[in-house]
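Asks: Sharing a structure here in structure tokens format.
The values are calculated or read from the model by the stated rules, or taken from the named source; none is laboratory data. These figures come from a predicted structure and were not determined experimentally. Using ideal geometry, Cβ is built from the backbone for each residue, glycine included, and neighbour counts are taken over all protein chains shown.
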């Protein structure tokens with residue numbers, strides 16, 4: 001990006017369109033990565049909470065509670 005011009009009187013920067021498009025593509029790629037990381041973090045947090053809930057005494061510790069019963073209990077708590 002050697003053809004960048006700084007216009008002091010207009011408080012602006014001129015960038016060749018090809019460089020601008022590369023920057024925009026890189027920005028979009030980084031935003032997708034951040035979004036993916038957020039989703040994975042939320043998913044990990046949810047699994048941790050689910051594990052904690054499964055170990056809680058109010059749920060059947062013998063593992064005899066069906067998934068439907070467990071989800072129904074979760075919905076009741078909200």
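Asks: When you go through 37, 61 one by one, which is the residue that is surrounded by 10 or more Cβ atoms within 10 Å (Cβ to Cβ), out of contact with any strand residue (DSSP E or B) (no Cβ under 8 Å at 6 or more places or on another chain) and at pLDDT below 80? So that I can check it myself, show each step before the final result.
Replies: Values: 37 fails: at pLDDT below 80.
Result of the check over 37, 61: 61.
Asks: Given the options 25, 11, name the one that is at positive phi and either under 21 Å from the mean Cα position of the chain (by Cα) or modelled with pLDDT of 80 or more (or both). Walk me through it before giving the result.
Replies: Details: 25 fails: at positive phi.
Of the residues listed, the single one that is at positive phi and either under 21 Å from the mean Cα position of the chain (by Cα) or modelled with pLDDT of 80 or more (or both) is 11.
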